[in-house]
Amino acid sequence: SRDKIIFLWEVTSGHEVKKLDGHINGVNAVCWNRNQNLIGSGSRDGTILLWDPVTGREVQRIEGHKRSVNGVDWNSDRDLIASVSDDTTIRIWDAVTASEIKRFE
């Protein structure tokens with residue numbers, strides 16, 4: 001969203017549960033890792049943030065893209081997250097260390 005905030009909602013009641021606020025520009029993509037109970041978000045600011053949905057706290061900041069991050073997704077078997085960006089790269093990241101594992105240009 002353009003307001004830079006991710007809102008978590010309780011589906012049955014429709015009530016807002018949490019606001020995840022940490023990006024400095026709009027949020028383009030969100031993904032959820034059920035196994036780790038983490039949320040990943042990609043932003044126009046070029047960052048990927050990992051969130052604890054229970055506390056609403058940012059647990060990891062991943063930086064490396066030079067332009068907007070338009071997509072993020074988890075590997076369900078490992079602590080890896082993939083991202084795609086306007087900088088024309090797809091990158092695989094270690095979600096624990098925030099280090100780049102692989103880059104496709």
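The values are calculated or read from the model by the stated rules, or taken from the named source; none is laboratory data. Keep in mind the model is a prediction, meaning the values are calculated, not measured. Every residue, glycine as well, gets a Cβ built from its backbone with ideal geometry; the counts of neighbours run over all protein chains shown. Surface areas here come from the heavy atoms of the whole protein model, side chains and all, with no ligands, DNA or RNA. Shrake-Rupley method; radii C 1.70, N 1.55, O 1.52, S 1.80 Å.
Taking segment 70-86 only, how many residues are buried (at least 16 other Cβ atoms within 10 Å of the Cβ), at pLDDT 95 or above and part of a loop (DSSP other than H, G, I, E, B)?
0
Identify all residues within segment 87-97 that are open to solvent by less than 20 Å² (accessible area, probe 1.4 Å) and at pLDDT below 95; write none if there are none. Before the answer, list the steps.
Just the residues of segment 87-97 that are open to solvent by less than 20 Å² (accessible area, probe 1.4 Å), to begin with: 89, 91, 93, 95.
Result: Ala95, single match.
Tell me yes or no: at least one residue of segment 25-46 is more than 25 Å from Asp87 (Cβ to Cβ), part of a strand (DSSP E or B) and of a type outside the set (Phe, Trp, Tyr). So that I can check it myself, show each step before the final result.
Going residue by residue through segment 25-46, those that are more than 25 Å from Asp87 (Cβ to Cβ) are 34-37.
Remaining after also requiring part of a strand (DSSP E or B): none.
No, the conditions are met nowhere in segment 25-46.
So which residues in segment 1-45 are closer than 12 Å to Trp74 by Cβ, open to solvent by 60 Å² or more (accessible area, probe 1.4 Å) and in contact with an Asp or Glu (Cβ under 9 Å, 6 or more places away or on another chain)?
Answer for segment 1-45, where residues must be closer than 12 Å to Trp74 by Cβ, open to solvent by 60 Å² or more (accessible area, probe 1.4 Å) and in contact with an Asp or Glu (Cβ under 9 Å, 6 or more places away or on another chain): Asn35, Gln36, Asn37.
If you go through segment 53-69, how many residues are open to solvent by less than 40 Å² (accessible area, probe 1.4 Å), under 16 Å from Ala29 (Cα atoms) and more than 11 Å from the chain's Cα centre (by Cα)?
Residues meeting the conditions: 3.
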